[in-house]
Each structure stands twice: as structure tokens, then as C-alpha cells.
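Worksheet: the structure to be examined is printed underneath.
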Amino acid sequence: MYRFMLLLLIVTPALFFFIPAGAASDQYGAIAFSKSTSAHGHSYDYFNKASAEKRAVSECNKRAGTDDCKVVIWFKNACGALAVGDSGSGAEWGENLDVALVKSLASCVQISSHCEIISWACTGNADD
């Protein structure tokens, strides 16, 4: 019994050296948007892209009362933002929130006027 416990104490920490760098710590987020109602939803700190997107769409559809929400941006270990204007929207990601906000506004103003941020999210491991 003691040999087994000793073996576990030695082998378990060694297993962490075989996990690819970043694999255990990647976090995903997403923002979804409904063009018909302007409802939005977001997610952050999910372990894969599909789960993050599913949550964002679900949250958006719930707010919209429709089933037409689409993912407009997804991000990994970063931040995402959605800006909406009179005739269009822009969604972008960045290493930190400031970058995501500036990029989404810049994207929006290329196709619309009176753009403003309506949604943003960051994963817990995004750069500060």
C-alpha cells in the first residue's frame, strides 16, 4: 500500500510535464447577436470554442425571444467586443479589453454611424 502511495506521489507530478503548454489553460469566449432584435449574448471562460459559442447563442436567443442569433466573434485567451450602429455592426477580439473595444468600434464605423459598444467579454487569462 505504501509503495502504491509513493508511486502516485512520484508519477502524478511528472504527468504535468507531458501536457502540451497552454492546453490546460486555454479559455474561450464568444459574442452572439440578433440582427432582427439587436439582442446579444456572450460567454467567457469555456474550455472549448463550441461550448462558448453555444452559450452565447443561447443567451442571445433567450433575450431576443427569437431563434435568429448568430455568433459574431469568438476569442481564445483574449477579449471580444461588439459595437452596433444605425446600419451595421462590428465585432472584433483583442489581447485585452482596450484593444477589443477599439477594434470593434473601428470595424463598425466603416459601415455605419453612431456606433457604440453593446457587449464585451474577456476570458480570465486575457492580458491585462
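Numbers for the structure displayed
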{"item": "Test: Val71 is β-branched (Val, Ile, Thr) and surrounded by fewer than 18 Cβ atoms within 10 Å (Cβ to Cβ)", "result": "no"}
{"item": "Leading residue by the ranking (nearest to Phe33 (Cα to Cα)) among those in the stretch 65-105 that are assigned to a strand (DSSP E or B) and among the charged types (D, E, K, R)", "result": "Lys70"}
{"item": "Residues that are in contact (Cβ under 8 Å) with a residue 60 or more places away in the chain and hydroxyl-bearing (Ser, Thr, Tyr), drawn from the stretch 92-122", "result": "Ser119"}
{"item": "Subset tally (residues that are under 27 Å from Asn125 (Cα atoms) and either free of Cβ contacts under 8 Å to residues at least 40 places away in the same chain or small (Gly, Ala, Ser) (or both)) for the stretch 62-75", "result": "2"}
{"item": "Count of residues meeting criterion [among the small types (Gly, Ala, Ser) and over 16 Å from the mean Cα position of the chain (by Cα)] in the stretch 56-82", "result": "2"}
{"item": "Residue tally, condition of a type outside the set (Ser, Thr, Tyr), more than 24 Å from Asp127 (Cα to Cα) and either surrounded by fewer than 19 Cβ atoms within 10 Å (Cβ to Cβ) or modelled with pLDDT under 95 (or both), over the stretch 30-53", "result": "1"}
{"item": "Test: residue in the stretch 56-68 that is surrounded by 21 or more Cβ atoms within 10 Å (Cβ to Cβ), within 25 Å of Ser25 (Cβ to Cβ) and not hydrophobic (A, V, I, L, M, F, W, C)", "result": "no"}
{"item": "Failed item in (1) at pLDDT below 95; (2) within 19 Å of Asp26 (Cβ to Cβ), with Trp93 passing the rest", "result": "(1)"}
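The values are calculated or read from the model by the stated rules, or taken from the named source; none is laboratory data. Since the structure is predicted, the reported quantities are computational estimates derived from the model, not experimental observations. Heads up, the Cβs are rebuilt from the backbone with ideal geometry, glycines too, and the neighbour counts pull from every protein chain shown.
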